[in-house]
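For reference, the structure is listed below as structure tokens.
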Amino acid sequence: MMNEEVLKEKVIEKIKEIFDPEIPVNIWDLGLIYEVNVLPINNVQVVMTLTAPSCPAAQSLPHEVDQKIRTIEGVNDVYVEITWTPAWTKDRMSEVAKLELGFL
């Protein structure tokens, strides 16, 4: 059984491997991930958003998040939930992302 914090860190590492198809920044630094929760028996819940409801990656990104997390040894099940509240804004981006995209 993996420690909750260790599993959460591994999940975040995997999420950082996923890039928005239109922006050359990973979805963690873009601020698209609102929550990462480790639930009993190594189930993982991710609450995320997209940059816009019409985002072309609306179907592929949540699926990719689900698939990446499932590759972590010891993960039992994965639940990816999309939310539009609060709406994503560039204020949610990390300093790294803002710098990379020229917002700083």
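Please indicate, with yes or no, whether at least one residue in the range 79-91 is touching a residue at least 12 places away in the same chain (Cβ under 8 Å), of a type in the set (K, R) and crowded, with 17+ Cβ neighbours inside 10 Å.
For the range 79-91, residues touching a residue at least 12 places away in the same chain (Cβ under 8 Å), of a type in the set (K, R) and crowded, with 17+ Cβ neighbours inside 10 Å: absent.
Keeping to the range 47-56, report how many residues are in contact with an Asp or Glu (Cβ under 9 Å, 6 or more places away or on another chain) and surrounded by 19 or more Cβ atoms within 10 Å (Cβ to Cβ).
3
Go through the range 1-28 residue by residue and tally those that are among the aromatic types (F, W, Y) and buried (at least 19 other Cβ atoms within 10 Å of the Cβ).
Looking only at that region, the number is 1.
Only the coordinates and a few stated rules stand behind these numbers; no lab work does. Quick caveat: nothing in here was measured; it's all calculated off a predicted structure. Here Cβ is always computed from backbone atoms with ideal geometry, including for glycine, and neighbour counts include all displayed protein chains.
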